[in-house]
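Trainee: The structure follows.
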Amino acid sequence: MAPTKELVQSLFAPNVLVLWTKEAEATCMQRGLSCKHLLAPFGRSRSQAPDVQFRTLDDLRPLVVEDGIAQTKAAVTQHEGLCEDWNIGSGVAPWFNDYCHHFFSLMRPCDHEFFGHPLLRIVLCTAKGDDPITSIASSLSSQKQRDAFSAFPYVSQDIPTCYLLLSDHHDDDATVTAFLQRLSNDFGSKNCFHVPLQQAADGDEEQDVSDVWTTALPALASAAQSRPQSTTEEPTAPPVDADPLSAMASMANADPERVGLAAGFCIADVQKLKDTCAAIVDTALVPAVRHHAQLLSAEVTATRKSRSTFLNATRKWFSSGKSAQSGTGQDPYAPDSFEMQTRRLADLLFMIKEYDDAYQHYRHLRKDFNNDRSWKHLAGANEMLAACMLLDPRLDQGRYESRQLFESAMATYNKSGMPFHTARVAITAAADFTARTQHADAAATFVRVVSEESDLRSAIFLEQAATCYFASPSSRRKAAFHLVLAAFRFIKAHQRMHARRCYVQAEKLFSGLGWQHIEDHIHQSLARQCEQLGLLHKSIDAYAHVLRECPGSARSHSDVLGTFMHLYRHLQESEDAASAPPPLPVPIVNKNIRVRLQLQANTQAAHISQQEEKVAAFMNKPQVHQAAVLSDKTTNTSPATVVVEEPVGVEFQLTNPLATSLRLTALKLVCTLVDADGNECKPDQLELTEMVEIEMGAGEDVDVVLTAMPLTQGTLHVKGIRYNIHLGQSEIAGQQPLLVRGKRLNSTHAERTACVYAPDKRLDLRVVSASPLFTYQSTPLPAEVLRGQVVTVEVDVKNQGTAPTANVVCVFPEHAWKPHIELEDGTQLPAEGQCVDLSSVVQLSPGDATRFRARFQVAPHAPDAFALCIGYRGQNPPQQLPYRMVTLSCRMRAAEGPAVTATIIPTSATRALLRLVFSPVPKDVQLCECLLRNSHWMLDTSTIIADHALPPTPGATRVALLPCVPATSAPSALPPAVSLQVPTNSTGAAGAAQWRLPAFSSDDGVHVLWERNTQLGLAMASLSSGSNTAGSPTAFIDVRKSSSSDASDAENNRQTSCVHPFVCGTGFTPSEELVVQVSQNSNSSGARWLGKERYVIAADEQGQFRIQMTALVLTAGQTVLDGLVVIQTSTSAELHVQSAAVTA
């Protein structure tokens, strides 16, 4: 924020001149302080009385520029320790107030105002010496005082005088009391004050009051720190007044028991001095000022009334108190002129906080100065009018009046070459604008007084402009820009700590805006300042940001990288490096770090939660929820488990952000292995792989896999990577941490409103004892299958672990029908609950391998993913890893396969037909063989479906009629094998091996084998109930579409087609008369029967009939033909004809 009203009041505070005798100076010096600085911290009033500024005769001497620069620098330098804690939003910087205090303390009295003129004189004295009164008189009439007042002839010496008696425990109380009484008699009791100083306890830190003076006077702090025992790294500015401080320093060096500044004062002394100064202001200063103001007020009022209108109009020609205009370089007003007496009256009223009366006088003076064209006096009047409005808002009657007054005063002072007054107006105006929440105007005011004359003053004001802009949320960018300008001026003023602080604050404001070139400039400047200050860690951090985030050319990146490597090597070689070197900035490690737990095993991802539950149930162990590959998509709240002597892979991606190539060597992981007792294991218990060299081009990404293999049990912590960077002949060795972050939590309100992340321990691994480890190779599974197809997978399994197996189980998914395992010797092991126990037939020692075939039928509603899990464990599995799994998974799309409907149609007591309807049947599917298992019927002749198939229809439906005879014995047993050409190797080529059927055909019903591209399938169906009763008549429709019967329905504007289906019947009495006709309750909405309304036919000798009819299909797509009945004329029985589907 901008300066406060209290700071403005201190700029216009009354001045009190402090004198002292030699005896008083000796008394103060014995306590570690000079009389010159004794009263300086106690100018702030505790009541409604005004603050005061204690001045000495040195302040009435012409200003020595070098001393002023040193003092103001000391005021800023003393706050370098606060640079780390202060930020731009913390309010007014403490060094700004101190700088303003010491900057304006260098102001000398001026002829156009009376704020720098002393209004009271204080003489510090003691009762010591032969004649104390003579010492007081000498100090009042010293040549030094006469010279000081002669330098400023317009400063009045006729001011009240007060006497402050100092005494300590060495003085005789009677002598002190007698001398105080003498002073009261000679000068008046109201003008005499006494401060008895106590003796400070040696070594009592609670009584240390040196900060009271060092806070108010930074020059004293600098002088104290410059003693031989000082540990300050940088030299501080020399003291302003060399004589007292040099004497104090010599006394401190001569007396080793003295510690620090003001060591002889205690808390009680400070309180007495504070009370006494307040009493002087209340009883001496304020009454004297009021009395003087009353006299001036009467004189000014009388003079103003006596002046006529004519004289007012012509006073610039005939005024007796004026000699020349301001343009001539001389003062246009004499000290005793009416205008200057009015100005003195207004200033006195302002000092005692009577702003209303002072405002009225300033307004009259403003008109007079403007008429006289006296610009310097006019600027002072405008300044004080605006200051009155600031401190008493009731006086401000216009919205822009105070702003115009401030701007006019600043412009005039600046043009007249008065930097102190220009800065004072800027501070006052900024306080006014801030009180009105006009932060942008306050910032612009500070910017206007920036010049090339003083780098330190410009830096301070630019920094304050940034704080004003920061107070306005819409001007944060301007705040950052002015911080950069302030940092540049701080550098020119040799204030590098403050320059670094400004750069740090600017970087925070520019961060995230995407202005990479600006961030590049800030970080490079910040790096250089930190390097000059010896802050190697922070300089390296700044250069690291430039390398990682900022764009640039290949040359600039090479230069920055070379500088970074030089500093990094210097930091590594420094003996006083308190901590490890910072991490290397390049290359950038991608945050998606993957940890592959079973590096040698196949780790294909699949959804196998149900199968893993079955593996855990088979092993009679709790389920192990551990992924084979840990990433940011897995739950990593607890450490994963790995096995000794098995490598663990850490996968990540390296990115080169530079515009130049980057060469890395000796890249490997940084890991620690801790045993169960918490002790770090020896390096030989952990084997790490190393990448010899990586050459990365500009902007190139490189995938890296590094492994670590623990050789003993414990906990493995993966911390980072270690590598060397090469640039020409230079080389540095460093490391980077591997950082991971868990998933963001979002379950509670607190987690949703804040960024809370779950713990991620994917880089912390628990190492357990030896265990078997399976790897496999398998024949490729088909990418597309038909539902009902039998899939065969040939699997080769090898134990790559360090322990033999004890239990092995193979678990099929739920959509795998009737799975089984076939061993190399032909032994078939059926599944129980989708699990096949291989423990008795698969016993693998380390390095052993075996082979088996897994077969299953694709279920009608199979998903598009397939996973075959093989669970296993060793003889003594660890508690943390009771079993392990290997998963064979793939994407396998299942299309619709042939579906069969089987019906037994008895034609007589000894004959029947097995009617098979297949729908749908893809074009590349070949129906091979039908096997019937039934207690009443068996197939009479060939079981090959092609021998009994009806003529194929253009659609996807196929029909076959197979003759059957009554079964002569128990249900016919299915053959153990079917002689079909089936795939027997990984290439899918057909071999001569027979495919074993009993594993799939154990139920009664019809079993149809089909083939598609050397892949076998099985369609099964049960016989419909009652279909095995002899003599039951049945009728059905066999659709046959005519290709030459298309027609157009012009009325409805649609395309129609005719079909010529056969109506077939069986089970009737031979030669029986039958009538086929369309039922009145026909449901064929998409078709219409054509031709005769009824057909009269007779059954043949086998009780069958067949008649062809014609139907008109009215709708496109699939239509159902229905609505036909068969009437037996002998019994008038009506039999409904089974419907059929037709595609138009």
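Trainee: Please go through the stretch 831-849 and pick out each residue that is in a strand (DSSP E or B) and touching a Lys or Arg at 6+ places or on another chain (Cβ under 8 Å).
Mentor: C835, A849
Trainee: Further, regarding this structure: Which residues, taken from the stretch 819-834, are farther than 23 Å from M1020 by Cα and either surrounded by 14 or more Cβ atoms within 10 Å (Cβ to Cβ) or outside the structural domain of A806 (by TED's automatic domain parsing) (or both)?
Mentor: Within the stretch 819-834, just L823 meets the criteria.
Trainee: Assuming I1107 fulfils every condition listed in (1) hydrophobic (A, V, I, L, M, F, W, C); (2) in contact with a Lys or Arg (Cβ under 6 Å, 6 or more places away or on another chain); (3) modelled with pLDDT of 85 or more apart from one, which condition is it?
Mentor: The number of the failed condition is (2).
Trainee: When you scan the stretch 130-151, how many residues do you find that are farther than 28 Å from D282 by Cα and either buried (at least 16 other Cβ atoms within 10 Å of the Cβ) or of a type in the set (K, R) (or both)?
Mentor: 2
Trainee: Let me ask you something else. Restricting to the stretch 868-883, count the residues that are part of a strand (DSSP E or B) and out of contact with any Leu (no Cβ under 7 Å at 6 or more places or on another chain).
Mentor: Of the residues in the stretch 868-883, 6 are part of a strand (DSSP E or B) and out of contact with any Leu (no Cβ under 7 Å at 6 or more places or on another chain).
Trainee: What strands (runs of 3 or more DSSP E) lie completely within the stretch 740-821 and have 1 or more residues being more than 24 Å from K614 (Cα to Cα)?
Mentor: The strands (runs of 3 or more DSSP E) meeting that bar are 764-768, 784-786.
Trainee: Take V921 and decide whether it is crowded, with 20+ Cβ neighbours inside 10 Å, not in a loop (DSSP other than H, G, I, E, B) and not small (G, A, S).
Mentor: no
Trainee: Of all residues being of a type in the set (D, E) and under 25 Å from M418 (Cα atoms) in the stretch 85-122, which is farthest from the chain's Cα centre (by Cα)? Just the residue, please.
Mentor: D111
Trainee: Taking helices (runs of 4 or more DSSP H) that do not extend beyond the stretch 388-500, which have at least 3 residues that are assigned by TED's automatic domain parsing to the domain that holds L348?
Mentor: 401-415, 419-435
Trainee: Out of S638, S661, which single residue is out of contact with any strand residue (DSSP E or B) (no Cβ under 6 Å at 6 or more places or on another chain), assigned by TED's automatic domain parsing to the domain that holds K743 and either under 30 Å from R555 (Cα atoms) or surrounded by 16 or more Cβ atoms within 10 Å (Cβ to Cβ) (or both)?
Mentor: Only one candidate qualifies: S661.
Trainee: Next question, about the same structure. Residues of the stretch 78-123 being crowded, with 18+ Cβ neighbours inside 10 Å, modelled with pLDDT under 65 and in a helix (DSSP H, G or I), which ones?
Mentor: E80
Trainee: Moving on. Does N370 satisfy the condition of being in the same structural domain as A409 (by TED's automatic domain parsing), in a helix (DSSP H, G or I) and free of Cβ contacts under 8 Å to residues at least 12 places away in the same chain?
Mentor: So N370 passes the test.
Trainee: Does V670 qualify as being within 19 Å of E687 (Cα to Cα), touching a Lys or Arg at 6+ places or on another chain (Cβ under 9 Å) and buried (at least 20 other Cβ atoms within 10 Å of the Cβ)?
Mentor: no
Trainee: May I pose another question? How many residues are of a type in the set (F, W, Y), over 21 Å from A479 (Cα atoms) and in a loop (DSSP other than H, G, I, E, B) if we restrict to the stretch 506-551?
Mentor: Looking only at that region, the number is 0.
Trainee: Can you give me the number of residues within the stretch 524-534 that are among the aliphatic types (A, V, I, L, M) and surrounded by fewer than 18 Cβ atoms within 10 Å (Cβ to Cβ)?
Mentor: Number of matching residues: 1.
Trainee: Do you know which residues across the stretch 486-522 are among the basic types (K, R) and either free of Cβ contacts under 8 Å to residues at least 12 places away in the same chain or surrounded by fewer than 19 Cβ atoms within 10 Å (Cβ to Cβ) (or both)?
Mentor: K492, K508
Trainee: Being over 21 Å from the mean Cα position of the chain (by Cα), farther than 17 Å from A442 by Cβ and not hydrophobic (A, V, I, L, M, F, W, C), is that true of even one residue in the stretch 468-490?
Mentor: yes
Trainee: So is L365 aliphatic (A, V, I, L, M), within 22 Å of S10 (Cα to Cα) and assigned to a helix (DSSP H, G or I) or not?
Mentor: no
Trainee: On the given criteria, is P906 more than 53 Å from the chain's Cα centre (by Cα), free of Cβ contacts under 8 Å to residues at least 60 places away in the same chain and in the same structural domain as H936 (by TED's automatic domain parsing)?
Mentor: Spelling it out, it is not the case that P906 is more than 53 Å from the chain's Cα centre (by Cα), free of Cβ contacts under 8 Å to residues at least 60 places away in the same chain and in the same structural domain as H936 (by TED's automatic domain parsing).
Trainee: Tell me the residue from L745, L773, L711, L727 that is within 30 Å of R853 (Cα to Cα) and either modelled with pLDDT of 90 or more or surrounded by 14 or more Cβ atoms within 10 Å (Cβ to Cβ) (or both), please.
Mentor: After ruling out the rest, the residue left standing is L773.
The values are calculated or read from the model by the stated rules, or taken from the named source; none is laboratory data. Since the structure is predicted, the reported quantities are computational estimates derived from the model, not experimental observations. A quick note on method: Cβ atoms are made from the backbone with ideal geometry, for glycine too, and the neighbour counts reach across all protein chains shown.
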